[in-house]
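Contents: one structure, followed by commentary.
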Amino acid sequence: MVAEPAAGDPAAGPVAGPVADGRDIIAARVAGFERVPIARPGLRAASVAVCVLLQQDTPCLLITRRAADLRRHAGQWALPGGSREPGESVPDAALRELREETGVVVAADEVLGVLDDFATRSGFLITPVVVWGGPVGALSRQASEVARIHVIPLADFDHPPELLRIPESPALVLRLALLGGYVYAPTAAIIHQFCQLALHGQTTRVAHFEQPVFAWR
């Protein structure tokens, strides 16, 4: 991992203080982030929503557990997202998937920015879109795809990731502890990059991390 202060960071250091200030700091850091795109023909373009919600003024991240009977990535932790439709923009796809999967409606002007692309073993090119969802409202899961919706304080993700070696790849697998278990890359990698940027003003590259073998399909 490479961690360095984000270029032109208006407020280096942890996010603290009133909610409005926290939003402004996160928005400024994400807007100033110099993202790294990936050009890899043959991968299916997808968008995911990195959605910040407020629960009792605490910044949280919305994350889902995928339905157990899905053909791909059943039961895994995931950010709301999916394939982009023809002619659909990166942010529009993220907002649509967020609305369809969780019932959270976010206006286009609450899109804060875009993080690094991540190419998956299962054939997707994921572009993470950071959005500010405001106070938590009614959540409505898409039962065909989502088993549960969780709203987790950002601070719960703000710890060093575990890096694992596997015999199938020379690259390290990244995972984060969550609710007595683990969330793995690519989801964990995207969350880690976001937390380092949003909470600490650091740019951390994560696209080189491996995914566990069970996520390759």
Report summary line: Result of the Cβ filter at 8 Å on the stretch 115-138, keeping first residues that are of a type in the set (S, T, N, Q) and partners that are surrounded by fewer than 19 Cβ atoms within 10 Å (Cβ to Cβ) and part of a strand (DSSP E or B), at least 6 apart or interchain, is 127/45
Report task. Filter the stretch 158-179 down to the residues that are in contact (Cβ under 8 Å) with a residue 24 or more places away in the chain and either among the acidic types (Asp, Glu) or assigned to a loop (DSSP other than H, G, I, E, B) (or both), then identify the one that is surrounded by the most Cβ atoms within 10 Å (Cβ to Cβ). Result -> 161
Requested in this report: Count, please, the residues in the stretch 118-142 that happen to be modelled with pLDDT of 95 or more, farther than 18 Å from residue 61 by Cβ and touching an Asp or Glu at 6+ places or on another chain (Cβ under 8 Å).
Outcome: 1
Query raised in the report: Conditions: (1) surrounded by fewer than 21 Cβ atoms within 10 Å (Cβ to Cβ); (2) touching a residue at least 40 places away in the same chain (Cβ under 8 Å); (3) touching a strand residue (DSSP E or B) at 6+ places or on another chain (Cβ under 8 Å); (4) closer than 18 Å to residue 120 by Cβ. Residue 36 meets all but one. Number of the miss?
Result: (3)
**Report entry** Scan of the stretch 105-147 for residues that are touching a Lys or Arg at 6+ places or on another chain (Cβ under 7 Å) and within 19 Å of residue 28 (Cβ to Cβ), ordered by number
**Finding:** 114, 115, 116, 132
Report task. Test residue 89 against the criterion of being in contact with a helix residue (DSSP H, G or I) (Cβ under 6 Å, 6 or more places away or on another chain), polar (S, T, N, Q) and at pLDDT 95 or above, and give yes or no. Result -> no
Query raised in the report: Would you pick out the residues in the stretch 52-66 that are farther than 16 Å from residue 188 by Cβ and crowded, with 19+ Cβ neighbours inside 10 Å?
Result: 52, 53, 59, 60
Report task. Scan the stretch 39-50 for residues that are within 17 Å of the chain's Cα centre (by Cα) and more than 14 Å from residue 111 (Cβ to Cβ) and jot them down. Result -> 45, 46
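Yes or no, residue by residue, for (1) modelled with pLDDT under 95; (2) within 18 Å of the chain's Cα centre (by Cα); (3) among the polar types (S, T, N, Q):
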| residue | (1), (2), (3) |
| --- | --- |
| 19 | yes, no, no |
| 31 | no, yes, no |
| 37 | no, yes, no |
| 53 | no, yes, no |
| 60 | no, yes, no |
| 80 | no, yes, no |
| 95 | no, yes, no |
| 102 | no, yes, yes |
| 116 | no, yes, no |
Report summary line: Within the stretch 126-152, the residues that are loosely packed, with under 14 Cβ neighbours inside 10 Å and closer than 21 Å to residue 182 by Cβ are 148
Requested in this report: Within the stretch 38-56, track down each residue that is in a strand (DSSP E or B) and touching a Leu at 6+ places or on another chain (Cβ under 8 Å).
Outcome: 44, 45, 46, 48, 49, 50, 51, 52, 53
Report task. Go through the residues of the stretch 83-102 one by one and say whether even a single one is surrounded by fewer than 21 Cβ atoms within 10 Å (Cβ to Cβ), in contact with a strand residue (DSSP E or B) (Cβ under 7 Å, 6 or more places away or on another chain) and in a strand (DSSP E or B). Result -> yes
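The values are calculated or read from the model by the stated rules, or taken from the named source; none is laboratory data. Bear in mind the structure is a predicted one, so any value in this text is a computation, not a measurement. Glycine gets a Cβ as well: all are built from the backbone with ideal geometry, and neighbour counts include every protein chain shown.
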